[in-house]
Structure formats: C-alpha cells, structure tokens
Amino acid sequence: QVQLVESGGGLVQAGGSLRLSCAASGTFFRINAVSWYRQAPGKERELVGIIGSDGSTNYADSVKGRFTISRANVLNPVYLQMNSLRPEDTAVYYCNAVVRITSWGQPRNYWGQGTQVTVSS
C-alpha cells in the first residue's frame, strides 16, 4: 500500500510564499509522475501542475511563473514552491502520484489527504 502525505500548508498574506511537500511511503517499484491539484470551496478540483519521471513539468496557466514543482530524487518527495500568492490561490492542495507497485503491474493513482493553503488579502 502506498501512502502520500502532504505538508507545508498554512496561512500567508498575499504576495507571500509557501512550499508544500508530498512524500510517499510504502513498498513500490517506481513513481511515474506526481501532480498537484487544488480545490477551493464550492469549486471543482483543478490541476495545478505535474512533474514526470524525467523531471519535465507542466503548469496550469493560472500559476505559471509563480509556482514551481521540483523533486529531491526519483519523485520522492516532490515539492510545490508557491510564490506571489494571491487570495484566489486559497484551496486545499492535494498531491496525486501515479505509482507502479511492481515492475510488471499496471500504474495506479494515489491521493494524499490534502493540506490547506489560505492566502489573506
């Protein structure tokens, strides 16, 4: 079983920065990709960005130039550096990992429990 744990959320003023972490635990063969999502109250969960096993990244237009996804090693842990935060960035942030448990098995999706980010104006 794979568990994802996000950390680093909190309350910050507009223009400030936060860094979120996503750490995977358990026994698995490889993490193929890690994505960050967020969900604001009353809104659908949306993709913030993704990092692949080759280190390539893609971001939602709303966060390009402000947010950066990085990795320590083999996508565990993965970080979301958030700069120039805006009140509209307020949401619960979730990480999602596509994990191959064994070398011959199919990849599976796993979700963390989420961490709250609140940006005050």
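Observations on the model:
- Flag for residue 89 being of a type in the set (D, E, K, R), open to solvent by less than 10 Å² (accessible area, probe 1.4 Å) and out of contact with any Pro (no Cβ under 8 Å at 6 or more places or on another chain): yes
- Top-ranked residue in region 8-34 [being of a type in the set (S, T, N, Q) and out of contact with any Leu (no Cβ under 7 Å at 6 or more places or on another chain); ranked as farthest from residue 108 (Cα to Cα)]: 13
- Residue 12 vs. criteria of a type outside the set (Asp, Glu) and either exposed (fewer than 13 other Cβ atoms within 10 Å of the Cβ) or not in a strand (DSSP E or B) (or both): no
- Tally of residues being open to solvent by less than 90 Å² (accessible area, probe 1.4 Å), of a type in the set (A, V, I, L, M, F, W, C) and in a loop (DSSP other than H, G, I, E, B) across region 38-78: 5
Residue by residue, here is whether (1) modelled with pLDDT under 95; (2) out of contact with any strand residue (DSSP E or B) (no Cβ under 9 Å at 6 or more places or on another chain); (3) acidic (Asp, Glu); (4) within 22 Å of residue 11 (Cβ to Cβ) holds:
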position	(1), (2), (3), (4)
34	no, no, no, no
53	yes, no, no, no
59	no, no, no, no
77	yes, no, no, no
83	no, no, no, yes
95	no, no, no, yes
104	yes, yes, no, no
110	no, no, no, no
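- Residues in region 92-121 that are within 26 Å of residue 41 (Cα to Cα), open to solvent by less than 40 Å² (accessible area, probe 1.4 Å) and assigned to a loop (DSSP other than H, G, I, E, B): 112, 114.
The values are calculated or read from the model by the stated rules, or taken from the named source; none is laboratory data. Computed from a predicted structure; not experimentally measured. Please note: Cβ atoms are built from the backbone with ideal geometry, for glycine as well, and neighbour counts cover all protein chains shown. Ligands, DNA and RNA are excluded from the accessible area calculation, which covers all protein heavy atoms including side chains. Shrake-Rupley method; radii C 1.70, N 1.55, O 1.52, S 1.80 Å.
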